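In what follows, a single structure is set out as structure tokens and then discussed.
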Amino acid sequence: MNTQPPVGNYKYGFHKPEHYVFKSERGLTEDVVRQVSAHKGEPDWMRDRRLTALSVYGKKPLPLWGADLTAIKFDDIYYYIKPTKDKVSDWKDLPPEIRDTYDRIGIPEAEKKFLAGVSAQYESEVVYKSIQDTLSKKGVVFLDMDSGLKEYPDIVRQYFGTIIPTGDNKFAALNTSVWSGGSFVYVPKGVHVDLPLQAYFRINAANMGQFERTLIVAEEGSFVHYVEGCTAPIYTTDSLHSAVVEIIVKKGARVRYTTIQNWSTNVYNLVTKRARVEEEGTMEWVDGNLGSKVTMKYPSVYLMGRKARGEVLSIAYAGAHQHQDAGGKAIHFAPETTSQIISKSISSGGGRTSYRGLVHVYPGAKNAKSKVVCDALILDERSRSDTYPTMKIDEQNVQIEHEATVSKIGDEQLFYLTSRGVTKEQAQSMIVNGFIEPIVKELPLEYAVEMNRLIELQMEGSVG
Amino acid sequence: MKRIHNNQVIVERVGGEGLQQEYIVGKDASLTLILMVRVSGVVSLTPSVTLKGPGSSATILGVIYGTGKGVVNITTLQHHEAPNTTSNLLIKSVMTEESMCRYEGSILVDKRAQKTNAYQRNENLLLGDHAHATSKPALEILANDVRCTHGALVKTLDADELWYAATRGIGGTAARYMILNGFLLSTFDGIADTIVREEAYRETLSLVA
């Protein structure tokens, strides 16, 4: 088997032989975009949308702030790969390499636990999906985005690109031009989806970009919890992941979107995530960033209707050679809107974490309330932590608070634990797990367990 | 540039001309910097404090009162260059009518400045229908054995506080004035020297009068 030796202690670093039926040439040209669209048999409007986005992408500069992106070789990337001929709906029908990949990250276990539905993404396409009958009986749609476009073209056309327009930023334009895969979720009025919907994303082909596109529409009074976990194998060259996630939360609806990002440490993870929340709706982002070389991700809530609420809970862990530039944005447009952003970050082994966030209250958003809390831990003297929050308040009747703390693990806490016979390593690990606990407890159980394990793994040998 | 070698209190009264000043605090010295700002035009302030000597400390306390179409751009820097240094910053603004306060504050901790303790807080009380406040604090920490905290707050008069005052027979303008004064005067509560503290209270009252 041509499994590569793992690099560092990245546990999920393995590489299966590639089987694909179509692979675009390297780099991004109009031909590539036309090929992608033709291959998918898309309607003309989507192809035109892609081509417009391509020209916007060419004109937009790289962001002048945030992490260093100059090392990305955009011309060396494969922008589209189609792995297997057809979609399969039974686990056993998957090719063995792909099944083995998922076995390693535990998808079948997740299934055994009767989780609502699994839509696993291998490279650019969703190759396996199983939606429980109960879901479809309720009228809930949970498809990969390509099938969503085929089967529900009107809904997709109505909402696609309305939350994150093509020209929003360079990477949103890139995604719009070559997007492939991602999820399409539609929850009808008043429907509560009791179990979390899960999707796994993986990058397998070396130098392969992954540009998934997710659209979630929650109609009035509905509820859905969408869970996305990402692990990627190790490669010798850097690779790029640039997703766009758009969420529409209608009146009185509630959507929770949970991400555990654990890309291998040579992936650039540049993601745009945004939700529009209408009257009395609630949007909750739970965001864990552990892997990747560089992450730039700021899940946003646009609070458009009266009493809309947005929450962002975020954890970032940066080890050696990693830069986690993450945070959250809350934009208040309507009266009595509330938001809360809680961010916990840890840097060790020379890693760098940055919190970057925005709270913007527009005129007329009377009685808006917002609270932002960012806590950072620095575990050794080579690591770095930054905090860049911004508050713009254009309305008088508001209550906006921000707090941030940067510190190391307290000597007294360590002394107390070691005096009780706990080793220094264990003590550090306990303190760190306690530090992130307020967010971990919001995760589904199996993710909470995985999160704690991953943090312990990251911290091995990092005692300074 | 002002160099501080012992314990020093500096009061800067800022009107239309603004303030561009760097304060360098030497070994074991301590600076108390008091900013009194009243604006109706456009003013910028860039006080920057460098903790150059080991064991040095700085306290920066500021009150800002904005009227008319006044705009205050205030950019502060707390730069910790040496180990065992402490800085505390508290800036409060009351923006009335159409005035606007833009605050940008940085705490920068160099790699060698271990055992740093830095604090930064910005509070803004908006009292005009068209008053604005922007608060942009930033922390850049290159050392690990540190404790750095910042906080920011933007709010208006609390309806509960006004109600409480009204039930005690203090209504309308008087209550507003009382709450406003309490908000601004408390900036200086932490000053240990009673003479300096009383003087700061007195100047604040004449600032908003």
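The residue list A:Tyr388, A:Tyr362 contains one member that is within 12 Å of chain B (Cβ to nearest Cβ), closer than 22 Å to A:Thr272 by Cβ and either of a type in the set (Lys, Arg) or buried (at least 19 other Cβ atoms within 10 Å of the Cβ) (or both), which is A:Tyr388.
Against the criterion of being more than 9 Å from chain A (Cβ to nearest Cβ), under 16 Å from the mean Cα position of the chain (by Cα) and in a strand (DSSP E or B), B:Leu108 does not qualify. Return yes when B:Gly62 is within 17 Å of A:Thr405 (Cα to Cα) and within 11 Å of the chain's Cα centre (by Cα) and no when it is not. Here the answer is no, as B:Gly62 does not meet what is asked. Of all residues in the stretch A:346-359, those that are within 16 Å of B:Pro137 (Cβ to Cβ) and either buried (at least 20 other Cβ atoms within 10 Å of the Cβ) or among the small types (Gly, Ala, Ser) (or both) total 5. For the residues A:Lys40, A:Lys16, the requirement of being in the same structural domain as A:Asp144 (by TED's automatic domain parsing) and modelled with pLDDT of 60 or more singles out A:Lys40.
Test of understanding: among B:Glu22, B:Glu98, B:Glu81, B:Glu17, which residue is in contact with a His (Cβ under 6 Å, 6 or more places away or on another chain), of a type in the set (D, E, K, R) and more than 15 Å from B:Asn122 (Cβ to Cβ)?
Of the residues listed, the single one that is in contact with a His (Cβ under 6 Å, 6 or more places away or on another chain), of a type in the set (D, E, K, R) and more than 15 Å from B:Asn122 (Cβ to Cβ) is B:Glu98.
Beta carbons closer than 9 Å, at least 6 apart along the sequence or on distinct chains, pair a first residue in the stretch B:188-209 that is of a type in the set (Lys, Arg) with a second that is at pLDDT 90 or above for B:Arg197/B:Phe188; B:Arg197/B:Asp189; B:Arg197/B:Gly190; B:Arg197/B:Ile191.
Conditions (1) touching a strand residue (DSSP E or B) at 6+ places or on another chain (Cβ under 9 Å); (2) more than 12 Å from every other protein chain (Cβ to nearest Cβ); (3) surrounded by fewer than 20 Cβ atoms within 10 Å (Cβ to Cβ), marked per residue:
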{"residue": "A:Asn397", "(1), (2), (3)": "yes, no, yes"}
{"residue": "A:Ile400", "(1), (2), (3)": "yes, no, no"}
{"residue": "A:Ser407", "(1), (2), (3)": "yes, no, yes"}
{"residue": "A:Asp411", "(1), (2), (3)": "no, no, yes"}
{"residue": "A:Thr418", "(1), (2), (3)": "no, yes, yes"}
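Filtering the stretch B:111-151 to residues that are within 7 Å of chain A (Cβ to nearest Cβ), farther than 18 Å from B:Leu61 by Cβ and not aliphatic (A, V, I, L, M) leaves B:Gly128, B:Asp129, B:His132, B:Thr134, B:Lys136, B:Glu140, B:Asn144, B:Asp145, B:Arg147, B:Cys148. Of the set (1) surrounded by fewer than 19 Cβ atoms within 10 Å (Cβ to Cβ); (2) modelled with pLDDT under 80; (3) within 20 Å of the chain's Cα centre (by Cα), all apply to A:Val126 but (1). How about the stretch A:338-376: which of its residues are under 21 Å from the mean Cα position of the chain (by Cα) and not in a strand (DSSP E or B)? Hit for the stretch A:338-376 is A:Gly351, nothing else.
Only one entry in A:Ile400, A:Ile409 is in contact with a helix residue (DSSP H, G or I) (Cβ under 9 Å, 6 or more places away or on another chain), in contact (Cβ under 8 Å) with a residue 24 or more places away in the chain and of a type in the set (Val, Ile, Thr), namely A:Ile409.
Only strands (runs of 3 or more DSSP E) whose full extent lies in the stretch A:194-311 are considered here, and the ones with at least 1 residues that are closer than 20 Å to A:Ala326 by Cα, of a type in the set (Asp, Glu) and at pLDDT 95 or above are A:244-249, A:282-289.
Looking at the stretch A:353-370, can you tell me whether even one residue there is among the basic types (Lys, Arg) and farther than 29 Å from B:Lys115 by Cα? Outline the logic, then answer.
We begin by selecting, within the stretch A:353-370, every residue among the basic types (Lys, Arg); these are A:356, A:366, A:369.
With the extra rule that they be farther than 29 Å from B:Lys115 by Cα, the set shrinks to A:366, A:369.
Yes, the stretch A:353-370 contains at least one residue that is among the basic types (Lys, Arg) and farther than 29 Å from B:Lys115 by Cα.
Quick check on the stretch A:361-377. Is at least one of its residues within 16 Å of A:Asp325 (Cβ to Cβ), modelled with pLDDT of 90 or more and touching an Asp or Glu at 6+ places or on another chain (Cβ under 8 Å)? Scanning the stretch A:361-377, I find at least one residue that is within 16 Å of A:Asp325 (Cβ to Cβ), modelled with pLDDT of 90 or more and touching an Asp or Glu at 6+ places or on another chain (Cβ under 8 Å), so the answer is yes. Residues in the stretch A:406-422 that are modelled with pLDDT of 90 or more and assigned to a loop (DSSP other than H, G, I, E, B): A:Arg420, A:Gly421, A:Val422. Scanning the stretch B:83-139 for residues that are basic (Lys, Arg) and out of contact with any Leu (no Cβ under 8 Å at 6 or more places or on another chain) yields a count of 4. Yes or no: B:Ile191 away from every other protein chain (no Cβ under 14 Å), under 18 Å from the mean Cα position of the chain (by Cα) and either under 27 Å from A:Ser407 (Cβ atoms) or outside any helix (DSSP H, G or I) (or both)? When the stated conditions are applied, B:Ile191 passes them.
Restricting attention to the stretch B:175-189, which residues are surrounded by 12 or more Cβ atoms within 10 Å (Cβ to Cβ) and of a type outside the set (S, T, N, Q)?
Those that are surrounded by 12 or more Cβ atoms within 10 Å (Cβ to Cβ) and of a type outside the set (S, T, N, Q): B:Ala175, B:Arg176, B:Tyr177, B:Met178, B:Ile179, B:Leu180, B:Phe183, B:Leu184, B:Leu185, B:Phe188.
Going through the stretch B:152-173 one residue at a time, which ones are more than 7 Å from chain A (Cβ to nearest Cβ) and outside any loop (DSSP other than H, G, I, E, B)? Correct list: B:Ala159, B:Asp160, B:Glu161, B:Leu162, B:Trp163, B:Tyr164, B:Ala165, B:Ala166, B:Thr167, B:Gly172, B:Thr173. Take the conditions (1) outside the structural domain of A:Ala368 (by TED's automatic domain parsing); (2) part of a strand (DSSP E or B); (3) out of contact with any helix residue (DSSP H, G or I) (no Cβ under 8 Å at 6 or more places or on another chain); A:Ala316 misses just one of them, which is (1).
The values are calculated or read from the model by the stated rules, or taken from the named source; none is laboratory data. The shown structure was predicted, so the numbers you read here are calculated from the model rather than taken from an experiment. Cβ coordinates were reconstructed from backbone atoms using ideal geometry, including for glycine residues, and neighbour counts include every protein chain displayed.
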